[in-house]
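Visitor: This is the structure, below, for whatever I ask next.
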Amino acid sequence: MNLSTLRIAMVVLTVATAGIHLVLSATAGLMFLLNGLGYLDLAGDARQKEYVLNLNLMATPLKNFTLVPSLKFQKKDWDADSTGLGTLGEATTPFTSASERNLLEARQRLDLRHTGLTNWVFFGGGEWTEGSGTLEEYGGLAQVNGIGVPPVRRETDDTRFFQKYFLGAKWYPARRVSLSLGGYYKDKEYDYEHEFDDTPNGAASGNRYPAYLTMQGFQTYDGHVGLTLRPLNKVSLVTRYEYQWSTVEVQPDSLSGLSEIETAEIPSHIIAQNIGWTPLARLSLQAGFNYVLSETRTPASDYTQAILTALNNYWTLNFSSTVVLDDKTDLRLGYFYYCADNYEDNSLYGVPLGAGAEQQSVTAILTRRLTERIRLNLKYGFTHYTDWASGGNNDFDAHLVYASMQYRF
């Protein structure tokens, strides 16, 4: 592949009201070494509507045994469209695209908790989610003088089933010490039925995407252990280690002549340290550090240098403080830092991949309790993002202003 340069400059303005309105205004160039194919004047918008209903019930059938069944129903509808000008040297061709998506999910969850043994707490439960939706896509980048990816048209129905089972315990060997141990198994499966697809999936086809897969499956096994210390009355230290093993399976359209295959293995190590301090009755401070070692192994990486094992290592820092201004008003300030340094220039053999980025974010949230049931929230956030892997072409600064009203039944 002789793809040498990818340059994208984009300005994103987000305005949140009852729904979400996203306006994109961009001038971008996608430059290929051989043919100069690109685009200009990309513009578009997207809208999303979301409806959520939560139902929870707590029951204590025995003195030290608690059951908490819950239901969650969620419906999402969104659509998007875009326009632009495809370029090839001096030649130009206008293009348009549009998409619609809807999704309906129902989640059932059961939490169990037992406290009958002195200094021990045992917990477990399960979670099950069923959902279905549709996706329609039309258009895309234009072909200029017959060169480039042709526009697509697809209509896909999908169903999904998620299940998760978890078990754990917490032990209090001393007044200021506690130990926790637990784990879970999680399985997610997506099934796709393509009602219309203008990219044939047969063995002779040179362009099978986007409507190519008929199943995707993700499985995760997780185990974690934690230690909590309270060396002083107003100080707490929480240390946690977690190990995850995930696999990915896919099944292509039967017309391709290919069968279901495991496409990736993802082992991950997660180390976390958190500190909390409450120096004053109206002031609390928290700091946290997370370090993640993770990689994605694929069958292809065993046979060719063109595709490397993907490293997903990163570390984060976060600081936050909560100030009680008066009996009805709280102010929360936060800072977040993220760094990933996994980029590896593999351009001699294939496409250079690997995350290499740095992000810094600050937030301020003001909460006002008007009554016992009604709360007002005002949030401001600023993010500065630097993307080393793209040579700085995906860098951005973003501001967020968000207001909400919450009613508690």
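The values are calculated or read from the model by the stated rules, or taken from the named source; none is laboratory data. Since the model is a prediction, treat every value here as computed from it, not as a measurement. Cβ atoms come from the backbone with ideal geometry, glycine included; neighbour counts cover every protein chain shown. Surface accessibility is based on the protein's heavy atoms, side chains included, excluding ligands, DNA and RNA. Shrake-Rupley method; radii C 1.70, N 1.55, O 1.52, S 1.80 Å.
Visitor: Of all residues in the range 90-118 being farther than 30 Å from ASP79 by Cβ and part of a strand (DSSP E or B), which is nearest to the chain's Cα centre (by Cα)?
Guide: Initially, the range 90-118 is screened for residues farther than 30 Å from ASP79 by Cβ, giving 90-91, 109-118.
Among the residues that remain, those that are also part of a strand (DSSP E or B) are: 91, 109-114.
Details: ALA91: 39, ARG109: 21, LEU110: 24, ASP111: 24, LEU112: 28, ARG113: 29, HIS114: 33 Å.
Only one residue fits best here, namely ARG109.
Visitor: Only residues that are open to solvent by 90 Å² or more (accessible area, probe 1.4 Å) and over 22 Å from the mean Cα position of the chain (by Cα): list them for the range 51-75, please.
Guide: Listed by number, the residues that qualify are ASN56, LEU57, MET58, LEU62, LYS63.
Visitor: Do the conditions hold for TYR402, that is, is it touching a residue at least 40 places away in the same chain (Cβ under 8 Å), out of contact with any Ser or Thr (no Cβ under 8 Å at 6 or more places or on another chain) and part of a strand (DSSP E or B)? Spell out the reasoning first.
Guide: On the way: touching a residue at least 40 places away in the same chain (Cβ under 8 Å): yes; out of contact with any Ser or Thr (no Cβ under 8 Å at 6 or more places or on another chain): yes; part of a strand (DSSP E or B): yes.
Taking the combined requirement at face value, the residue satisfies it.
Visitor: While we're on this one: From THR129, THR118, which residue is out of contact with any Ser or Thr (no Cβ under 6 Å at 6 or more places or on another chain) and buried (at least 16 other Cβ atoms within 10 Å of the Cβ)? Write out each step before concluding.
Guide: Values: THR118 fails: buried (at least 16 other Cβ atoms within 10 Å of the Cβ).
Result of the check over THR129, THR118: THR129.
Visitor: If you don't mind, another one. Please go through (1) in a strand (DSSP E or B); (2) open to solvent by 70 Å² or more (accessible area, probe 1.4 Å) for PHE382 and return the number of the only condition it doesn't satisfy.
Guide: Every listed condition holds for PHE382 apart from (2).
Visitor: Quick check on this structure: which one of LEU311, LEU333 is at pLDDT 95 or above and open to solvent by 50 Å² or more (accessible area, probe 1.4 Å)?
Guide: Just one listed residue meets the conditions, LEU333.
Visitor: Can I ask one more? Could you tell me which residue of the range 349-379 is surrounded by the most Cβ atoms within 10 Å (Cβ to Cβ), considering only residues that are among the hydrophobic types (A, V, I, L, M, F, W, C) and under 21 Å from the mean Cα position of the chain (by Cα)?
Guide: Initially, the range 349-379 is screened for residues among the hydrophobic types (A, V, I, L, M, F, W, C), giving 351, 353, 355, 357, 362, 364-366, 370, 374, 376, 378.
After this cut, where a residue has to be under 21 Å from the mean Cα position of the chain (by Cα) as well, the list is 353, 355, 357, 362.
On the way: LEU353: 15, ALA355: 17, ALA357: 19, VAL362: 14.
So the residue we want is ALA357.
Visitor: I've got another one for you. In the range 386-397, which residues are open to solvent by 50 Å² or more (accessible area, probe 1.4 Å) and either modelled with pLDDT of 95 or more or part of a strand (DSSP E or B) (or both)?
Guide: First pass over the range 386-397, keeping only residues open to solvent by 50 Å² or more (accessible area, probe 1.4 Å): 388, 391, 393-397.
Across the range 386-397, the qualifying residues are PHE396, ASP397.
Visitor: Only one of ASP198, ASP157, ASP222 is open to solvent by less than 30 Å² (accessible area, probe 1.4 Å), charged (D, E, K, R) and within 30 Å of LYS75 (Cα to Cα); which?
Guide: Numbers: ASP198 fails: open to solvent by less than 30 Å² (accessible area, probe 1.4 Å); ASP157 fails: open to solvent by less than 30 Å² (accessible area, probe 1.4 Å).
Exactly one residue qualifies, and that residue is ASP222.
Visitor: On the basis of being modelled with pLDDT of 90 or more, under 18 Å from GLY140 (Cα atoms), out of contact with any Pro (no Cβ under 9 Å at 6 or more places or on another chain) and not aliphatic (A, V, I, L, M), does GLY29 make the cut? I'd like the intermediate steps shown before the answer.
Guide: Values: modelled with pLDDT of 90 or more: no; under 18 Å from GLY140 (Cα atoms): yes; out of contact with any Pro (no Cβ under 9 Å at 6 or more places or on another chain): yes; not aliphatic (A, V, I, L, M): yes.
Here the answer is no, as GLY29 does not meet what is asked.
Visitor: Scan the range 246-264 for residues that are part of a loop (DSSP other than H, G, I, E, B) and exposed (fewer than 13 other Cβ atoms within 10 Å of the Cβ) and report the count.
Guide: Narrowing the range 246-264 to residues part of a loop (DSSP other than H, G, I, E, B): 253, 257-260.
This time we only want the ones that are exposed (fewer than 13 other Cβ atoms within 10 Å of the Cβ), so: 257, 259-260.
Of the residues in the range 246-264, 3 are part of a loop (DSSP other than H, G, I, E, B) and exposed (fewer than 13 other Cβ atoms within 10 Å of the Cβ).
Visitor: While we're here: Take the residues in the range 280-324 that are without any contact (Cβ under 8 Å) to a residue 24 or more places away in the chain and not in a loop (DSSP other than H, G, I, E, B); name whichever of them is nearest to HIS384 (Cα to Cα).
Guide: LEU280
Visitor: Hey, another quick one. Determine which single condition LEU280 fails, assuming it passes every other condition in (1) surrounded by 13 or more Cβ atoms within 10 Å (Cβ to Cβ); (2) more than 19 Å from the chain's Cα centre (by Cα).
Guide: So LEU280 meets the others, but not (1).
Visitor: Only one residue in TYR243, TYR209, TYR192 is open to solvent by 40 Å² or more (accessible area, probe 1.4 Å) and not in a strand (DSSP E or B), so which one is that? Step through it out loud before you land on a result.
Guide: On the way: TYR243 fails: not in a strand (DSSP E or B); TYR192 fails: not in a strand (DSSP E or B).
Answer to the selection: TYR209.
Visitor: Among what's in the range 314-330 and is in contact with a Cys (Cβ under 9 Å, 6 or more places away or on another chain) and open to solvent by 60 Å² or more (accessible area, probe 1.4 Å), pick the residue that is nearest to ILE365 (Cα to Cα).
Guide: TRP315
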